[in-house]
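Read through the structure below, which is laid out as structure tokens, and then see the notes.
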Amino acid sequence: MTTNSTTLALGTSAGTLAVTTCSALIMGALAMYTLLHHRQVFAWMRKIRKKDEESAELNKPAEWIDDLYKAQCGLAQKPCHAADFDEVTRIGNMIKGIAEDTDAIRVELSEVVKCVGIYTGTALPDPGPSLKVSLVEHHILLVRAMKQEAARWELERAINATQKKIKALRNS
């Protein structure tokens, strides 16, 4: 009976050892899987945080670009004098101030600032006290007004390109 109980004890001990070993291996595999899963989750969270930070960096320029779009649309197809460009100039100066600090859309913002300068540079001279305008002066003013509208169109094109870039950056 001693051999039987020794064999039984060894068999029970071997069975317990096998179960313990299997449990340890399974727990190790689960721990490794959990670690890998947490790495993926943390990488995803870093990606989302970075995207949120970049999006926050684009909020002000996007808002100012929208305001500039509205301001220049209000001046569409009408000859403007220097005083009419006050809002466009103000917004253009704000954009110019942040253009160098906004890496993601620096080129687009610089293009918008350049177009704002060209557009505001086409201001028609203030009409003098005389109400009569000669035919030659009228023709010159008409040509300048058409150049002004072309410059406004270029500004609008630059604004639209910047808005598309901001939208693409936010969606990526």
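The values are calculated or read from the model by the stated rules, or taken from the named source; none is laboratory data. Since this is a predicted model, take the numbers as computed values, not measurements. Every residue, glycine among them, receives a Cβ derived from its backbone with ideal geometry; neighbour counts consider all protein chains shown. The protein model used for the area step is the full one, side chains on, heavy atoms only, and it has no ligands, DNA or RNA in it. Shrake-Rupley method; radii C 1.70, N 1.55, O 1.52, S 1.80 Å.
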> Is it the case that region 22-42 has a residue that's open to solvent by less than 90 Å² (accessible area, probe 1.4 Å) and either under 22 Å from the mean Cα position of the chain (by Cα) or at pLDDT below 90 (or both)?
Replying inline: no
> So which pairs qualify, if the first residue must be in region 91-116 and farther than 18 Å from C73 by Cα and touching a residue at least 60 places away in the same chain (Cβ under 8 Å), the second must be acidic (D, E) and surrounded by fewer than 16 Cβ atoms within 10 Å (Cβ to Cβ), the Cβ gap must be under 7 Å, and the two must be at least 6 apart or on different chains?
Replying inline: A104/E54
>> Can you tell me how many residues within region 150-164 are buried (at least 19 other Cβ atoms within 10 Å of the Cβ), farther than 17 Å from G121 by Cβ and of a type in the set (K, R)?
In response: 0
> P79 fails exactly one of the following numbered conditions: (1) more than 27 Å from the chain's Cα centre (by Cα); (2) part of a helix (DSSP H, G or I). What is the number of that condition?
Replying inline: (2)
> If you check D126 against the conditions, is it of a type in the set (D, E), part of a loop (DSSP other than H, G, I, E, B) and within 16 Å of L58 (Cβ to Cβ)?
Replying inline: no
> When you scan region 43-67, how many residues do you find that are more than 30 Å from A145 (Cα to Cα) and open to solvent by 50 Å² or more (accessible area, probe 1.4 Å)?
Replying inline: 15
> Limited to region 68-110, what total is found for residues that are under 22 Å from R144 (Cα atoms) and either among the β-branched types (V, I, T) or in contact with a His (Cβ under 8 Å, 6 or more places away or on another chain) (or both)?
Replying inline: 2
> Within the set of pairs 6 or more residues apart or between chains, which connect a residue that is assigned to a helix (DSSP H, G or I) and of a type in the set (G, A, S) inside region 55-75 to a residue that is open to solvent by 20 Å² or more (accessible area, probe 1.4 Å) and modelled with pLDDT of 90 or more with Cβ atoms less than 7 Å apart?
Replying inline: A71/E87
> Can you pull out the residues in region 88-101 that are out of contact with any Asp or Glu (no Cβ under 8 Å at 6 or more places or on another chain) and in a helix (DSSP H, G or I)?
Replying inline: V88, T89, R90, G92, N93, M94, I95, K96, G97, I98, A99
>> Restricting to region 106-123, name every residue that is within 16 Å of I91 (Cα to Cα) and assigned to a loop (DSSP other than H, G, I, E, B).
In response: G121
>> Which of the numbered conditions does D84 fail, given that it passes all the others? Conditions: (1) open to solvent by 70 Å² or more (accessible area, probe 1.4 Å); (2) under 28 Å from I159 (Cα atoms); (3) at pLDDT 90 or above.
In response: (1)
